[in-house]
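*Asks:* One structure, as structure tokens, below. Some questions next.
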There are 2 protein chains.
Amino acid sequence: MLKREYEGQNCSIARTLELIGERWTVLIIRDAFLGVRRFEDFQNELGVARNVLSTRLTRLVDEGILEKRRYQERPARYEYRLTEKGIALWPVLISLVKWGDRYVSPAGPPRLIVHRGCGGEVNDHLSCERCGKPLGARDVEARPGPGAKAAAA
Amino acid sequence: MLKREYEGQNCSIARTLELIGERWTVLIIRDAFLGVRRFEDFQNELGVARNVLSTRLTRLVDEGILEKRRYQERPARYEYRLTEKGIALWPVLISLVKWGDRYVSPAGPPRLIVHRGCGGEVNDHLSCERCGKPLGARDVEARPGPGAKAAAA
DNA sequence: CACAGTGAGTTGCTTCAAGCAACCCAATGT
DNA sequence: ACATTGGGTTGCTTGAAGCAACTCACTGTG
């Protein structure tokens, strides 16, 4: 990435990208939304180098996007969870998914984001396709879509 | 960035990031939304190295996100414009802006995205705060916000 | 005519982030 | 006693990004 900062840009997009624009960061956050919590699991899902994963997680914790919690003493075991600030990134992830589904998923969406209970898909305006309700991160769940193949990550 | 591809990820987010996840790419697209069209202007706005700008623009054209048009013969002059596929990235940009406005803009939003004519701001569900209409890229315009300082990019 | 300027890049060198593998440590299981 | 698991760190290598200089085609100015 080199530098990571975009100097001289007074812009919310640039400042957001300084936090989450590095390689792997968004995928780490995606996995966090999908319920991944532990170092090893992130590493296995992503195949990212361990040192890179380590620096990314620490940075996300420093920025208040993830929080690190010891969920077990002796042996010490940690988990990383999204904070409110992290959960607020949900619209970013959803809009990336929707664009990708439309333009770069020839086999159909690998994963569907549906309104929990209702079953309708999220649309471009972050509402339920079926019932029309505006949706947030906690109202939805992910399901394998038509483009999901064996062992999809 | 190294590699740029996220192998083994059957995921729309990963595939989208393979196209727009490199450093500078999103800011180039942002500027395109703001009306920047020419090589020199992108370079001046962003301060990106010219060779990097060159490779990014070519890649975005190859991927069908921008199109390169000769708008003048003799001397040949080119402009880069968003295609439909590029314009479809609007929700991604807006959600980055909204998150950045909330979490990393202490002086207030540097730029407001408002419903053209109506004047209401875009909200998190890509609708107009004031009149409630669902909005698209063509329905809005950017204005300096409270966080805009002199010579903001 | 000579010369400066502009638009749109390309070339070449340097630097720093990412990839990769190996290693460490503490505890637990067998 | 030995292997395994979780959660990392260290060290070397590779390759993307920064930077400056250069090219090339044309245009306008004195």
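The values are calculated or read from the model by the stated rules, or taken from the named source; none is laboratory data. Remember, predicted model here, so these are calculated numbers, not experimental data. Please note: Cβ atoms are built from the backbone with ideal geometry, for glycine as well, and neighbour counts cover all protein chains shown. For the accessible areas, the whole protein counts, side chains as well, though only heavy atoms, and no ligand, DNA or RNA atoms are used. Shrake-Rupley method; radii C 1.70, N 1.55, O 1.52, S 1.80 Å.
*Asks:* Could you please state how large a percent of the accessible area of chain A is carbon and sulfur, counting protein chains only and using a 1.4 Å probe?
*Replies:* 47 percent
*Asks:* Sticking with this one: In percent, how large is the relative contact order of chain B, given Cα pairs closer than 8 Å and 6 or more residues apart?
*Replies:* Computed over chain B, the figure is 16 percent.
*Asks:* Rolling a 1.4 angstrom probe over the protein chains, ignoring ligands and nucleic acids, what is the accessible area of B:R38 in square angstrom, nearest 10?
*Replies:* 110 Å²
*Asks:* How much net charge surrounds A:G64 when only other residues with a Cβ under 10 Å from its Cβ are counted (Lys, Arg +1; Asp, Glu -1)?
*Replies:* Computed value for this residue: -3.
*Asks:* Can you tell me, using C-alpha contacts under 8 Å and at least 6 residues apart, the relative contact order of segment B:89-144 as a whole percent?
*Replies:* 32 percent
*Asks:* How high is the FRET efficiency between B:E73 and B:E141 when r is their beta carbon distance and R₀ equals 25 Å, given to the nearest 0.05?
*Replies:* Rounded to the nearest 0.05, the efficiency is 0.20.
*Asks:* Dipole of the protein assembly as shown, Cα-centred, from +1 at each Lys and Arg C-beta and -1 at each Asp and Glu C-beta, to the nearest 20 debye?
*Replies:* 160 debye
*Asks:* Something else about it: Describe numerically, in nm with one decimal, the distance between label points set 7 Å from Cα along Cα→Cβ at A:A49 and at B:L34.
*Replies:* In this crude spin-label approximation the distance works out to 3.3 nm.
*Asks:* Moving on to the next point. Expressed as a whole number of Å, what is the distance separating the alpha-carbon centroids of segment A:26-91 and segment B:18-77?
*Replies:* The distance from the Cα centre of segment B:18-77 to that of segment A:26-91 comes to 34 Å.
*Asks:* Would you rank A:D101, A:D41, B:D62 by solvent-accessible area, highest first, keeping every protein chain in place and using a 1.4 Å probe?
*Replies:* Output order, biggest surface exposure first: B:D62, A:D41, A:D101.
*Asks:* Residue by residue, what Karplus-based ³J(HN,Hα) values in Hz, rounded to whole numbers, does segment B:113-126 have, using 6.51, -1.76 and 1.60 with θ = phi - 60° and x for Gly and Pro?
*Replies:* 9, 10, 5, 4, x, 5, x, x, 7, 6, 9, 4, 9, 6
*Asks:* Just from its helices, what would the mean residue ellipticity at 222 nm be for chain A, if runs of 4 or more DSSP H residues each count -39500 (n - 2.57) and the sum is divided by every residue, rounded to the nearest 500 deg cm²/dmol?
*Replies:* -10500 deg cm²/dmol
*Asks:* Quick one: accessible surface of B:T83, probe radius 1.4 Å, all protein chains present, in square angstrom to the nearest 10.
*Replies:* 30 Å²
*Asks:* Using a 1.4 Å probe and counting only protein heavy atoms, how much accessible surface gets buried when B and A come together, both sides summed, in Å² to the nearest 100?
*Replies:* Chains B and A together bury roughly 4700 Å² of accessible area.
*Asks:* Could you tell me, in Å, what Rg and Dmax come out for the Cα atoms of segment A:32-153?
*Replies:* 16.2, 48
*Asks:* Could you report segment A:12-86's accessible area per residue, 1.4 Å probe, as an integer in Å²?
*Replies:* Averaged over the residues of segment A:12-86, the accessible area is 47 Å².
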